[in-house]
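**Q** Encoded as structure tokens, here's the structure I'll be asking about.
The values are calculated or read from the model by the stated rules, or taken from the named source; none is laboratory data. Just so it is clear, the structure is predicted and the values come from calculations on it, not from any experiment. Positions of Cβ are backbone-derived with ideal geometry, glycine not excepted, and every protein chain shown enters the neighbour counts.
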């Protein structure tokens, strides 16, 4: 399964296909490479990844989970060499095994070449020929200590708000002992002043040179951050439905992919404006206007 081709060329020369049952059709690796992933596998003069920090952020239901699954498989099986370790990390155990890891498991089970080479359990996939593993772990920084990963996938980083999750992020840095190692974040926006880890990453990414539409590259980081729909199924009808069904701040955060304040709105301004009578003006004097006064004495 491994290849000796340079990482930025490996996807182009591999003829195989990975199948995803959820989509109901094959997903060609070359298609993903053409969609903003070419730069993710560029290497420097030392043969190491030029951008070990990868961030892919787009509106809700943009296919982020499937993309993360493809990247983890590609780095682990094609680029990472023998004995590669990959981890799928989430806020809790249920999310860890039911998002990116579950997508990877479905791809492996639906792809004959991978299915025959893999041993799949509830939270771990082992590829015996390479000695490579892909494992789902919950937010446990102590258990992650000592890891030597080629790829770590962090799903929905906006929810990493505790000191515990920050320590997990610190533990799972790309190790310098591996030429190919990266940390991938797939998420949409969070809350200002609460999703601090993601907010710092976002601001750091914006400081890098623009390498394409919504694509920032520099300082070891490659960030794609889009405020617009990126998938064909996110059409105007769906966006209109989401705008109708969601609260304003939820729509801004999940659909427009923008950071929002964590404070709730007591009265929506659209509701307030609907109560305004533009023809009503202040009455300064009107002798025929009835006035009632109530007075009581305790």
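**Q** Does segment 170-181 contain any residue that is crowded, with 16+ Cβ neighbours inside 10 Å, closer than 19 Å to residue 41 by Cβ and touching a helix residue (DSSP H, G or I) at 6+ places or on another chain (Cβ under 6 Å)?
**A** Yes, segment 170-181 contains at least one residue that is crowded, with 16+ Cβ neighbours inside 10 Å, closer than 19 Å to residue 41 by Cβ and touching a helix residue (DSSP H, G or I) at 6+ places or on another chain (Cβ under 6 Å).
**Q** Same structure again: All but one of (1) farther than 30 Å from residue 199 by Cα; (2) outside any loop (DSSP other than H, G, I, E, B) hold for residue 134, so report the exception by its number.
**A** With respect to (1) farther than 30 Å from residue 199 by Cα; (2) outside any loop (DSSP other than H, G, I, E, B), residue 134 is out only on (1).
**Q** For residue 135, all conditions in the list (1) in contact (Cβ under 8 Å) with a residue 60 or more places away in the chain; (2) within 16 Å of residue 183 (Cα to Cα) hold save one; what is the number of the exception?
**A** (1)
**Q** A further question follows. Go through segment 129-147 and give me each residue that's at pLDDT 95 or above and surrounded by fewer than 16 Cβ atoms within 10 Å (Cβ to Cβ).
**A** Passing the criteria: only 131.
**Q** Name every residue in segment 197-242 that is over 19 Å from residue 43 (Cα atoms) and touching a helix residue (DSSP H, G or I) at 6+ places or on another chain (Cβ under 8 Å), in order of residue number.
**A** Residues satisfying the conditions are 197, 198, 201, 225, 229, 242.
**Q** Could I ask something else about it? Filter segment 149-171 down to the residues that are in a loop (DSSP other than H, G, I, E, B), over 18 Å from residue 56 (Cα atoms) and modelled with pLDDT under 95 and list them by number.
**A** Those that are in a loop (DSSP other than H, G, I, E, B), over 18 Å from residue 56 (Cα atoms) and modelled with pLDDT under 95: 161, 162.
**Q** Can you pull out every residue in segment 144-169 that is without any contact (Cβ under 8 Å) to a residue 40 or more places away in the chain and in contact with a helix residue (DSSP H, G or I) (Cβ under 9 Å, 6 or more places away or on another chain)?
**A** So the first thing to find is which residues in segment 144-169 are without any contact (Cβ under 8 Å) to a residue 40 or more places away in the chain, and the list is 145-146, 161-164, 166-167, 169.
Of everything in segment 144-169, those that are without any contact (Cβ under 8 Å) to a residue 40 or more places away in the chain and in contact with a helix residue (DSSP H, G or I) (Cβ under 9 Å, 6 or more places away or on another chain) turn out to be 145, 146, 161, 164, 166, 167, 169.
**Q** Restricting to segment 76-91, and then to whatever is in contact with a helix residue (DSSP H, G or I) (Cβ under 8 Å, 6 or more places away or on another chain) and closer than 14 Å to residue 40 by Cβ, can you tell me which residue is surrounded by the most Cβ atoms within 10 Å (Cβ to Cβ)?
**A** Of everything passing the filter in segment 76-91, 79 is surrounded by the most Cβ atoms within 10 Å (Cβ to Cβ).
**Q** A further question follows. In segment 52-61, what count of residues is obtained for those that are more than 15 Å from residue 157 (Cβ to Cβ), surrounded by 22 or more Cβ atoms within 10 Å (Cβ to Cβ) and in contact with a strand residue (DSSP E or B) (Cβ under 9 Å, 6 or more places away or on another chain)?
**A** Of the residues in segment 52-61, 0 are more than 15 Å from residue 157 (Cβ to Cβ), surrounded by 22 or more Cβ atoms within 10 Å (Cβ to Cβ) and in contact with a strand residue (DSSP E or B) (Cβ under 9 Å, 6 or more places away or on another chain).
**Q** Within segment 250-283, restricting attention to residues that are within 23 Å of the chain's Cα centre (by Cα) and modelled with pLDDT under 95, which residue is farthest from residue 225 (Cα to Cα)?
**A** 262
**Q** Further question on the same structure: So residue 51 ticks every box in (1) under 19 Å from residue 184 (Cβ atoms); (2) out of contact with any helix residue (DSSP H, G or I) (no Cβ under 7 Å at 6 or more places or on another chain); (3) modelled with pLDDT of 95 or more but one. Which box is left unticked?
**A** (2)
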